[in-house]
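A short worksheet on the structure shown next.
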Amino acid sequence: MHSLWNRSFIATSIGNFFQFMTFQALLATLPLFVLDSLHGNNNRIGMIMASFMIGSLVVRPFVGKWLYLFGKKKMLLLSLLLFLLATLSYLWVDHFYILLLIRIIHGISFGISSTAFATLAIDFIPLRKRGEGMGYFSVSVSLAMVLGPFLGLLLLDTFSFFFLFLVCLFFSFVSLASVFFLHELPSSTEEIPSFPKGIHGFFELRVIPVALAACFLSFVFGGVNSFISVYAHERHLAYMASYFFMTYAIVVLVSRPFVGKLFDRFGGNSIIYIGCSFFFVGILLLSQASTPFLFILSSVFIGCGFGSITPSLQTLAVFSASKERIGLATATYFCFFDFGLGLGSILLGLIATHTSFSDMYLFSSLFIAISMFIYHRFHARKKR
């Protein structure tokens with residue numbers, strides 16, 4: 001394929017967007033659902049947020065194999081059907097442990113479908129436009145990470161949780177429908193690659209330095225995504241929570257076209273270093289945000305930072321592997337990324353319970369510095 005904007009790439013990006021819209025809308029609003037409808041606390045919020053990631057982590061190591069053994073399109077279709085059924089189940093949740101079980105099942109389906117979407121997208125991106133293509137594909141994730149919470153919180157201001165779950169069900173259906181617009185895969189006639197035994201059959205080891213750096217960054221962002229709505233209420237800025245995500249979305253939209261092209265021209269190092277610096281400043285500002293101005297300014301810096309780092313790291317990860325192991329590379333990257341999100345939701349929630357959200361965000365900023373060190377020491381220097 002010579003054109004980046006072919007039908008299959010567009011369908012894959014749209015399907016991925018609506019899947020992440022469901023995920024992110026629930027991620028921002030379920031903490032309030034746990035507090036208000038299920039009478040939970042911060043610890044239970046962390047458990048609900050982490051259970052999704054645990055379900056995802058359980059299947060991630062196997063997805064790379066399954067995509068080639070059973071077919072990428074078939075695995076995507078089956079996982080999105082399960083994703084749709086899990087979303088439907090939220091309509092009848094009335095107990096904490098029922099929600100916990102649904103979140104695990106939802107996470108399992110998401111672990112398969114998100115890996116399949118990312119692997120399929122690579123199949124439909126021309127090699128000479130890989131940075132630009134992955135940059136645009138990652139827009140579907142980055143935009144959903146902010147539009148999902150924004151829309152979810154906006155709906156809760158006017159409607160009920162039941163209506164919110166219906167909207168998420170619609171998003172899940174659109175994601176499923178996108179599968180039927182995919183062309184036959186370019187790799188469909190290729191032989192199924194042989195997978196070595198042991199850890200090499202489940203993980204792409206060359207991806208681990210980049211994936212580990214992403215893990216520490218997602219750990220920090222887990223605290224933003226899981227607790228920003230509760231933090232805003234604590235700071236008497238509840239009305240600003242949705243605007244936080246909207247600002248992030250605008251920043252990502254404006255910066256993303258440039259990030260992909262800069263990546264193709266200059267490589268990933270400069271983007272990673274500058275992006276981490278912006279992310280670090282954004283988290284520091286968020287920890288001290290007592291006014292609407294600081295709250296929104298932190299969102300600008302986080303959008304410039306985290307919004308540009310994640311597609312760049314994912315691109316570095318998947319293209320550090322050979323073509324037949326791109327599925328494994330994608331699964332390995334997301335395995336570490338999901339682990340960071342889940343662990344951040346649990347540990348940072350515990351820290352916030354025993355200290356404050358301000359101290360929690362201040363503490364989490366240290367992990368951005370750790371991520372930069374890992375990236376520089378184990379990837380950037382070796383590549384140079």
Among the residues that make up region 138-149, is at least one of them at pLDDT 90 or above, out of contact with any strand residue (DSSP E or B) (no Cβ under 9 Å at 6 or more places or on another chain) and under 16 Å from ALA28 (Cα atoms)? no
Does TRP66 meet the test of being over 30 Å from GLU234 (Cβ atoms), of a type in the set (Phe, Trp, Tyr) and in contact (Cβ under 8 Å) with a residue 40 or more places away in the chain? yes
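If I ask for residues that are touching a helix residue (DSSP H, G or I) at 6+ places or on another chain (Cβ under 8 Å) and more than 11 Å from LEU32 (Cβ to Cβ), which ones from region 158-168 would you list? Give the derivation first.
Narrowing region 158-168 to residues touching a helix residue (DSSP H, G or I) at 6+ places or on another chain (Cβ under 8 Å): 161-168.
Residues satisfying the conditions are PHE162, PHE163, PHE165, LEU166, VAL167, CYS168.
Check THR87, THR115 and return the single one that is in contact with a His (Cβ under 9 Å, 6 or more places away or on another chain) and not hydrophobic (A, V, I, L, M, F, W, C). Can you show your working first?
On the way: THR115 fails: in contact with a His (Cβ under 9 Å, 6 or more places away or on another chain).
Exactly one of THR87, THR115 is in contact with a His (Cβ under 9 Å, 6 or more places away or on another chain) and not hydrophobic (A, V, I, L, M, F, W, C), namely THR87.
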Reported set for region 168-178 where residues are under 20 Å from the mean Cα position of the chain (by Cα) and not aromatic (Phe, Trp, Tyr) is CYS168, LEU169, SER172, VAL174, SER175, LEU176, SER178
Scan region 220-239 and tell me whether some residue there is part of a loop (DSSP other than H, G, I, E, B), farther than 25 Å from ALA121 by Cα, at pLDDT below 85 and of a type in the set (A, V, I, L, M). yes
Please tell me if PHE306 is of a type in the set (Phe, Trp, Tyr) and within 18 Å of CYS215 (Cβ to Cβ). yes
Pick from SER56, SER114, SER37, SER109: which is surrounded by fewer than 20 Cβ atoms within 10 Å (Cβ to Cβ), closer than 27 Å to LEU347 by Cβ and touching a residue at least 12 places away in the same chain (Cβ under 8 Å)? SER37
Out of curiosity, is TYR68 among the hydroxyl-bearing types (Ser, Thr, Tyr), surrounded by fewer than 21 Cβ atoms within 10 Å (Cβ to Cβ) and in a helix (DSSP H, G or I)? no
What is the residue count in region 271-297 for residues that are under 20 Å from the mean Cα position of the chain (by Cα) and without any contact (Cβ under 8 Å) to a residue 24 or more places away in the chain? 0
Scan region 370-377 and give yes if some residue there is farther than 25 Å from SER51 by Cα, touching a residue at least 60 places away in the same chain (Cβ under 8 Å), charged (D, E, K, R) and in a helix (DSSP H, G or I), otherwise no. no
What do you reckon, is MET47 more than 17 Å from the chain's Cα centre (by Cα), closer than 19 Å to CYS215 by Cα and assigned to a helix (DSSP H, G or I)? yes
With (1) among the hydrophobic types (A, V, I, L, M, F, W, C); (2) in a helix (DSSP H, G or I); (3) modelled with pLDDT under 85; (4) surrounded by fewer than 24 Cβ atoms within 10 Å (Cβ to Cβ) as the list, and PHE203 as the residue in question, which single condition is left unmet? (2)
Being in contact with an Asp or Glu (Cβ under 6 Å, 6 or more places away or on another chain) and either more than 21 Å from SER178 (Cβ to Cβ) or in a helix (DSSP H, G or I) (or both) is the requirement here; does MET53 meet it? yes
In region 7-45, what residues are among the small types (Gly, Ala, Ser) and farther than 22 Å from MET240 by Cα? SER8, ALA11, SER13, GLY15, SER37, GLY40
Is there a residue in region 46-60 that is of a type in the set (A, V, I, L, M, F, W, C) and farther than 21 Å from TYR97 by Cβ? yes
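The values are calculated or read from the model by the stated rules, or taken from the named source; none is laboratory data. Source: prediction; values computed, not measured. With ideal geometry, Cβ positions are generated from the backbone for all residues, glycine too; neighbour counts draw on all protein chains shown.
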